[in-house]
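Nothing in this text is a laboratory measurement; each read-out follows from the coordinates by a stated rule. Note that the structure is a prediction, hence the values are computed from the model and not measured. Here the Cβ positions follow ideal geometry from the backbone for every residue, glycine too, while neighbour counts run over all protein chains shown.
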Amino acid sequence: MKKILFALVALAFVTSLCFAQKDSTAACKAAPAAIETKTFSGTVEAVSFGGGRKGAKPSIVAVDDKGQKIDFVAKSKATITGKNGKTIDMTDIKKGDKVSVQYITRSDGVNRAKSVKVE
């Protein structure tokens with residue numbers, strides 16, 4: 001009787017190890033991909049400061065020489081520098097300013113500005 005009980009416990013233990021191994025392997029394969037930082041240079045078409053709406057974030061719409069238009073969300077962590085290289089406020093960026101934006105594209109398609117440089 002003890003042998004049968006021991007065999008059942010051993011079988012349950014080995015089975016649990018097999019399932020644990022399978023799950024951990026799947027978790028390793030689902031590692032996130034590296035996020036690429038891109039650069040976009042263009043002319044500011046519009047600047048929004050969020051307007052006090054809940055969840056609204058400051059954003060910049062810029063257009064390059066080829067007519068490509070990109071909307072960037074600028075979080076508070078974004079570094080914004082003026083023509084002199086000194087840090088400026090988002091409110092200092094005006095329509096018509098030439099800018100260079102370093103940004104990432106999130107998995108939901110939103111372009112998040114990491115830095116904005118007025119040229």
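The length gained by stretching the chain between S107 and N84 to full extension, at 0.36 nm per residue less their Cα-Cα distance, is 4.9 nm. Between S115 and A56, the C-beta separation translates, for a Förster distance of 22 Å, into a calculated FRET efficiency of about 0.55. Net charge within 14 Å of I35 by Cβ-Cβ distance, Lys/Arg positive one each and Asp/Glu negative one each, not counting I35 itself? Summing Lys/Arg as +1 and Asp/Glu as -1 gives +2. Summing charges over neighbours of A74, with a neighbour being any other residue whose Cβ is under 13 Å away from its Cβ, gives +3 when K and R count +1 and D and E count -1.
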